[in-house]
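Worksheet: the structure to be examined is printed underneath.
Readers should treat all values here as calculations from the given coordinates under stated rules, not as data from a laboratory. What you see is a predicted model, and the numbers here were worked out from it, not measured in a lab. Neighbour counts run over all protein chains shown; Cβ positions are idealised from the backbone, glycine included.
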């Protein structure tokens, strides 16, 4: 539960920036939400709607680039330092991740291990449980939450 709480701690602030018009592109705008080369190189983390969270000595940076009008689908970029989370409750959202830097070791509850490195991608089902370990990474994320709860 600790990881899920940490993952969603920033979402109310994301919705506030959306409502204020300073945040991510909304589907109602009908404009593509571009992340250009400069954004992917790190410029995205200098946006005014970037969220910085520090928990247990780890700092994360998170920027939402797009949020669907029904708030069930979103995308953005995320940067984290070293962390280890034991995820004993389902992950809660379906998430696609493409790692730009660093990587992650995912040990599923059944004992299977996947190591995802920069230049690789992984999709995690909302039912996934296991251990998430990293020395740090930057990723592009795409999240789908069938009930919209990820963005409440």
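Counting other Cβ atoms within 10 Å as a rough exposure proxy, the listed residues 40, 61 run 40, 61 from fewest neighbours to most.
Each of 113, 104 has some number of other Cβ atoms within 10 Å of its Cβ, and from fewest to most they run 113, 104. Ranking of 147, 88 by neighbouring Cβ atoms within 10 Å, starting from the fewest: 147, 88. The calculated FRET efficiency for the pair residue 86 and residue 146, based on their C-beta separation and a Förster distance of 41 Å, comes to about 0.95.
Comparing Cα centroids, the range 99-128 and the range 39-66 end up 21 angstrom apart. In this label model, residue 100 and residue 126 are separated by 2.8 nm, measuring between points 7 Å along each Cα→Cβ vector.
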